[in-house]
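Each remark here refers to the structure printed beneath this line.
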Amino acid sequence: MHTVLSSATKKITIGHDQPFCLIGERINPTGRRIFQDQLRAGDLSAIERDVAAQVAGGATVLDVNMGVPLTDEPELLKKAIKLIQSLTDLPICIDSSVVEALEAGLSVYEGRALVNSITAEDDRMAEILPMVKHYGAAVVALPNDHDEIPMQADKRLVLTKKILDTAVDKYGLTLEDIVIDPLAMPIGADPTIVRTAYETMQRIRAEFGVNMTVGASNVSFGMPGRHTINATFLAMAITVGLTSAIMDTRTPQIVEAVKAADLLLGHDEWGASWISAHRAQQAAQKAAADALLQQALAP
């Protein structure tokens, strides 16, 4: 089952038989006070730097969130999307809790976007799924509702089925249009919580076959050594059905773990991508060493 995203000129396919989709998380002002102040002042230069860093790190899709208090979020999101599409041909995940902002972003986007996100709440689906259908987008869906964020895999599966049935039968989407977020939460809050996420992923893949994504950084929140935790979590999650993640693509340790999992699971034919990346890394290290040597020898 393939979920296809695109920009005006580039297509990305998410699927269980495809290389893992790395959705760069950085273009998000949450917890970034200076970035928020810049956006309020109309300064979008940090977005340019974040795009460059994530593309260099290996992102295949870029998540963009412009949720800044005391701003016109719909207008800010439109400006950000236009800027990003002038800088890169990577597809975009349009990320907002504000329906008007999602509509604004989709209205200027060139290609097939991923919308982040809906829940199993009827009112949220009614607000967003017709928009997703109208613009021909795909959507991230979280299996929680008004009552709770379920802590058991059984309830998450029930809500996943509700979302899929509603999206397909009531709003005319296809299963390929829905990317389920099986809910990855901080391991520091509950030592069993990641095992529940893995069980949920495995069962969603077996019962529905749809693609999945998570906010990978959530897992390590509050813990030391976060990069190691995130890298290990993703490599293990890929084996039970996770096909994409909103993640920090600026961190080589995490990206390399994902790429190694692709190689070992046969999603990197003959290891071509792994070998190419290794050679590029060697070339960059040699160039840096040569530059330092030349600097040291200069009169």
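For the reader, a short list of remarks on this structure follows.
- Test: residue in the range 169-178 that is closer than 22 Å to K155 by Cα and of a type in the set (G, A, S): no
- Taken over the range 128-152, the criterion of being within 25 Å of E199 (Cβ to Cβ) and surrounded by fewer than 22 Cβ atoms within 10 Å (Cβ to Cβ) is satisfied by N144, D145, H146, D147, E148, I149, P150, M151, Q152.
- Tallying residues that are surrounded by 14 or more Cβ atoms within 10 Å (Cβ to Cβ) and within 23 Å of V158 (Cα to Cα) within the range 87-127 yields 10.
- Close contacts from the range 236-258, counting a first residue that is in the same structural domain as D50 (by TED's automatic domain parsing) and more than 15 Å from E199 (Cα to Cα) and a second that is charged (D, E, K, R) and not in a strand (DSSP E or B), with Cβ to Cβ under 7 Å and a gap of 6+ residues or different chains, come to I254/D248.
- Here is the figure for the range 189-215: residues that are touching a residue at least 40 places away in the same chain (Cβ under 8 Å) and in contact with a strand residue (DSSP E or B) (Cβ under 8 Å, 6 or more places away or on another chain) total 8.
- Identity of the residue in the range 159-218, at pLDDT 95 or above, among the small types (G, A, S) and assigned to a loop (DSSP other than H, G, I, E, B), that ends up farthest from I14 (Cα to Cα): G172
- Residues satisfying the stated conditions in the range 2-43, i.e. among the hydrophobic types (A, V, I, L, M, F, W, C) and surrounded by fewer than 18 Cβ atoms within 10 Å (Cβ to Cβ): V4, A8, I34, A41
- Flag if Y171 is surrounded by 15 or more Cβ atoms within 10 Å (Cβ to Cβ), in contact (Cβ under 8 Å) with a residue 24 or more places away in the chain, within 18 Å of L114 (Cβ to Cβ) and among the aromatic types (F, W, Y): yes
- A count restricted to the range 246-299 and to residues that are in contact with a strand residue (DSSP E or B) (Cβ under 8 Å, 6 or more places away or on another chain) and of a type in the set (S, T, N, Q) stands at 1.
The values are calculated or read from the model by the stated rules, or taken from the named source; none is laboratory data. Since the model is a prediction, treat every value here as computed from it, not as a measurement. We place every Cβ from the backbone using ideal geometry, glycine too, and count neighbours over all the protein chains shown.
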